[in-house]
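> Dropping the structure in here first, questions after.
Taken together, the values in this text are just the output of simple stated rules run on the coordinates, not laboratory data. Model, not experiment: these values are computed from the prediction. Cβ coordinates were reconstructed from backbone atoms using ideal geometry, including for glycine residues, and neighbour counts include every protein chain displayed.
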């Protein structure tokens, strides 16, 4: 594991944000991590992992974390809060500690007909309306998930028997105005509905608030990332309920890490850098 202090050696707290990252160290993080938004999901995930392996941590600034094992595979989870700015801190801190593969697990709102409440959406890329990613790189830079992580998430859904969809998402910096919802007092931008329709026409599947930041930063840092989210809102029909969606998404993420670990071992065994179908024959 790469030590956080060594990774930032010679830099001041002003340069590294060291004061902000105090209280974020978790022992035995390993290389694979799940990123739920809501800190409440940490305990839910710990209950899904192998009995007696999970250890939960209360961190600075309301974040929570857990280490443990799923089907014998070591993994870590850390909450990110809501939105790209909140995700940036745990992502960079965990990367400095040696984590190289991240999967966001959470909930989402679907904007296409035919997607049902409880379905899993696997975004392989995201429209960058988040704000955070724009602070790092030009707007033309793509926000794309790692193909290997996407394939592992697909296989996880197949293994678990969950209905899923794969495609483009839209990450916003606002829960209300950014997702074409009316805000306090009914305030709504005049072009909000037009943007919603444009996204639908472009075959965008869903809204979220973290995916673009996760994918863009992971690409810039040379890390692997993916995301899966359970649909709890169907904007076209007006349906909105949780129905165990959080638990399904968290389970898919853990299963995907179990799959990725096996694939990574096979790549190393065969001396390959990337996964291809022939490797698994």
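> Fully extended, how many nm does the chain gain between residue 197 and residue 236 (0.36 nm per residue separation, minus their Cα-Cα distance)? Walk me through the intermediate numbers first.
Details: separation 39, 0.36 × 39 = 14.04 nm, distance 1.11 nm.
So the extension gain works out to 12.9 nm.
> Which one of 52, 106, 185 has the biggest mean-square fluctuation once the chain is modelled by GNM with Cα springs under 10 Å?
Sorting by GNM fluctuation, first place goes to 185.
> Sticking with this one: Can you sort 189, 268 so the residue with the fewest Cβ neighbours within 10 Å comes first? All intermediate terms of the calculation are to be shown ahead of the outcome.
Details: 189 13, 268 10.
Least to most surrounded, the residues fall as 268, 189.
> Between residue 28 and residue 279, what is 0.36 nm times their sequence separation minus the Cα-Cα distance? Round to one decimal in nm.
87.4 nm
> For the chain, set up a Gaussian network in which alpha carbons nearer than 10 Å are linked by springs, and say which option among 25, 171, 237 fluctuates the most.
237
> Take the chain, connect every pair of alpha-carbon atoms lying under 10 Å apart with a spring to form a Gaussian network, then pick out the residue of 251, 34, 44 with the largest mean-square fluctuation.
So, out of 251, 34, 44, the one fluctuating most is 44.
> Which label belongs to the value computed from this structure, given these candidates for Kirkwood radius over Cα pairs in Å: (1) 19.2; (2) 22.7; (3) 21.4?
Looking at Kirkwood radius over Cα pairs in Å for this model, the match is (1).
> Okay, next question. At q = 0.16, 0.17, 0.19, 0.23 Å⁻¹, what base-10 log of I(q)/I(0) does the Debye formula yield for the range 32-163 when every alpha carbon is treated as an equal point scatterer in vacuo?
Computed log10 I(q)/I(0) values: -0.96, -1.08, -1.33, -1.65.
> Here's another thing I want to ask about it. Expressed in whole Å with the largest first, what are the equivalent ellipsoid semi-axes of the range 234-281 derived from the C-alpha gyration tensor as the square root of 5 times each eigenvalue?
On the way: eigenvalues 260, 32, 9 Å².
Calculated on Cα positions only, the semi-axes equal 36, 13, 7 Å.
> Would you mind ranking 71, 113 so that the residue whose beta carbon has the fewest other beta carbons within 10 Å leads the list?
So the residues, fewest neighbours to most, are 113, 71.
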